[in-house]
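The values are calculated or read from the model by the stated rules, or taken from the named source; none is laboratory data. As the structure is a computational prediction, the values presented were derived from the model and not from experiment. Cβ placement follows ideal geometry from the backbone for every residue including glycine, while neighbour counts extend to all protein chains displayed. Each accessible area value is taken on the protein alone, full model and side chains, heavy atoms only, with ligands, DNA and RNA left out. Shrake-Rupley method; radii C 1.70, N 1.55, O 1.52, S 1.80 Å.
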Amino acid sequence: MKNKVKYSLYSLAITVIVLILSVIGVISLWDNTDRLVLFCLIMGSIIIAGLFYCPVSVEANDTKIKLYRLLAKPIAFAYDDIQKVDVCYPSFGGIRLCASGGCFGYWGYFNDTAIGTYFGYYGSRSCCFLVKLKNGRQYVLGCEDSVAMVNYIKMQLQKYRAA
């Protein structure tokens with residue numbers, strides 16, 4: 001089962017605004033070479049990081065969950081390593097420890113009162129699920145039909161553990 005990441009209107013708007021402001025910044029600094037180079041280095045780093053971590057889709061099969069990102073290799077979560085999977089809804093009150101709050105989706109380290117500390121890869125807070133690993137690490141992933149994805153993963157986990 002494979003689902004695309006669903007991006008919220010807020011996330012899409014923030015991404016577009018950042019890109020537009022980057023272009024405006026380049027245009028406004030065109031005559032000042034030193035500042036233009038510094039601005040391009042900073043904004044280029046931010047945009048490349050966003051493209052690197054930007055979640056694209058989530059796939060689950062009979063042995064693992066795979067998270068696909070735009071410019072990076074997929075991340076795989078083997079069923080051997082998973083303690084629990086469940087639907088979750090990160091709160092707006094969550095703290096970004098080192099994360100993007102909407103630009104190219106939500107990605108990075110967050111801390112939420114209900115979930116705890118986790119690494120997130122999602123596009124909309126309303127389409128998320130929690131993957132808790134046996135080593136204590138937590139990941140919040142997002143896709144279009146997160147409830148169906150969680151049900152599918154739970155079914156696969158049961159089959160995997162029974163074998």
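Inside segment 115-153, residues that are farther than 21 Å from residue 97 by Cα and basic (Lys, Arg) make up a count of 1. For segment 132-157, the set of residues classified as touching a residue at least 40 places away in the same chain (Cβ under 8 Å) and either open to solvent by 90 Å² or more (accessible area, probe 1.4 Å) or charged (D, E, K, R) (or both) consists of 132, 134, 135, 144, 145, 154, listed by residue number. For residue 101, only one of the following conditions fails: (1) modelled with pLDDT under 95; (2) over 30 Å from residue 23 (Cβ atoms); (3) part of a strand (DSSP E or B). What is its number? Looking at each condition in turn, residue 101 falls short on (2).
Candidates 121, 160: the one that is of a type in the set (Phe, Trp, Tyr), farther than 12 Å from residue 3 by Cβ and open to solvent by 70 Å² or more (accessible area, probe 1.4 Å) is 160.
Out of 38, 51, one residue alone is under 14 Å from the mean Cα position of the chain (by Cα) and in a helix (DSSP H, G or I). It is 51.
Only one of the numbered conditions (1) assigned to a strand (DSSP E or B); (2) without any contact (Cβ under 8 Å) to a residue 60 or more places away in the chain; (3) more than 17 Å from residue 57 (Cβ to Cβ) is violated by residue 120, and that is (3). Going through (1) in contact with a strand residue (DSSP E or B) (Cβ under 6 Å, 6 or more places away or on another chain); (2) at pLDDT 95 or above one by one, residue 95 falls short only on (2).
Restricting segment 48-79 to residues that are in contact (Cβ under 8 Å) with a residue 40 or more places away in the chain and open to solvent by 40 Å² or more (accessible area, probe 1.4 Å) leaves a set whose member that is nearest to residue 135 (Cα to Cα) is 63. Which condition does residue 115 not pass, out of (1) more than 15 Å from residue 4 (Cβ to Cβ); (2) touching a residue at least 40 places away in the same chain (Cβ under 8 Å); (3) surrounded by 13 or more Cβ atoms within 10 Å (Cβ to Cβ), if it passes all the others? Looking at each condition in turn, residue 115 falls short on (2). Number of residues in segment 80-95 that are exposed (fewer than 14 other Cβ atoms within 10 Å of the Cβ) and either among the hydrophobic types (A, V, I, L, M, F, W, C) or assigned to a strand (DSSP E or B) (or both): the value is 6. The residues of segment 96-107 that are under 14 Å from residue 122 (Cβ atoms) and open to solvent by 90 Å² or more (accessible area, probe 1.4 Å) amount to a single one, 96.
Checking the stated criteria, residue 31 turns out not to satisfy the condition of being touching a residue at least 40 places away in the same chain (Cβ under 8 Å) and open to solvent by 40 Å² or more (accessible area, probe 1.4 Å).
Scanning segment 112-163 for residues that are in contact with a strand residue (DSSP E or B) (Cβ under 8 Å, 6 or more places away or on another chain) and among the aromatic types (Phe, Trp, Tyr) yields 118, 119, 121, 122, 129, 139, 152.
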